[in-house]
Amino acid sequence: MLEVRKQLIKNHAVVDDDWSVLRLDEGDAPETVLVAQGKVIVPLTVWQAQREQLAGREHIAVWLASHERAESLRDELDRFALIAVDFPKFSDGRGYSIAYNLRKRLGYKGELRAIGDVLRDQLFQMLRTGFDAFSTRPDRNIHDALKGLTVFSETYQASIDTALPLFRRVQRGRPAEPDVAYGI
């Protein structure tokens, strides 16, 4: 089944989405499913099964299911301008690890898109682990979800977006004045 999205969040803005996501219906086989023309994000299994036919297409991208490993694309990363990671449920956090591995360990520089059950509450952490595009759930307001990218003004931990933890980023001056009221 071809899932078409109208808008997504990319680089902190709501933009039109001209890519379609191919999802297999029950009974579809990765080897025989028809991949439509145009900009299509195919499941990893379809890419692996139809690599010969799809490799020549200019606008083909791949998406990883939460149980699949980023390393399976290690030698093909530069082929894809876009890689998506599917979140089958809001509570499934494996996609964060996939994104981190794609960016940090494998050095992927292209668009990294979160698809599936993507909600406002997840966006800030998704951004921190390497995502730069978010295809939010269609039953939610995308403009409201955009606010999820700015819910925190500071982070403590290092991640993809901030190389150093907060204690390494803070300039320490002279020691703090004792608190006279508490006798410290």
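The values are calculated or read from the model by the stated rules, or taken from the named source; none is laboratory data. Quick caveat, the model's predicted, so the values are computed rather than measured. Positions of Cβ are generated from backbone atoms using ideal geometry, with glycine treated the same way; all protein chains shown enter the neighbour counts. With ligands, DNA and RNA removed, areas are computed over all heavy atoms of the protein, side chains included. Shrake-Rupley method; radii C 1.70, N 1.55, O 1.52, S 1.80 Å.
Side notes on the structure shown:
- Strands (runs of 3 or more DSSP E) contained in region 5-63 and holding at least 3 residues without any contact (Cβ under 8 Å) to a residue 40 or more places away in the chain and within 19 Å of Gly110 (Cβ to Cβ): 40-43
- Leading residue by the ranking (most open to solvent (accessible area, probe 1.4 Å)) among those in region 6-58 that are within 22 Å of Gly130 (Cβ to Cβ) and among the polar types (S, T, N, Q): Asn11
- Within region 69-116, if we keep just the residues that are part of a loop (DSSP other than H, G, I, E, B) and open to solvent by less than 30 Å² (accessible area, probe 1.4 Å), the residue that is farthest from Asp17 (Cα to Cα) turns out to be Asp92.
- Residue match in region 107-114 (condition: under 15 Å from Ile9 (Cβ atoms), free of Cβ contacts under 8 Å to residues at least 40 places away in the same chain and aliphatic (A, V, I, L, M)): yes
- Pick from region 117-128, criterion open to solvent by 20 Å² or more (accessible area, probe 1.4 Å) and not in a helix (DSSP H, G or I), ranking: farthest from Val21 (Cα to Cα): Leu119
- Residues (modelled with pLDDT under 65, in a loop (DSSP other than H, G, I, E, B), farther than 26 Å from Asn101 by Cβ and open to solvent by 100 Å² or more (accessible area, probe 1.4 Å)) located in region 134-184: Arg174, Pro175, Glu177, Ile184
- Count - residues of region 122-137 that are touching a Lys or Arg at 6+ places or on another chain (Cβ under 7 Å) and without any contact (Cβ under 8 Å) to a residue 40 or more places away in the chain: 1
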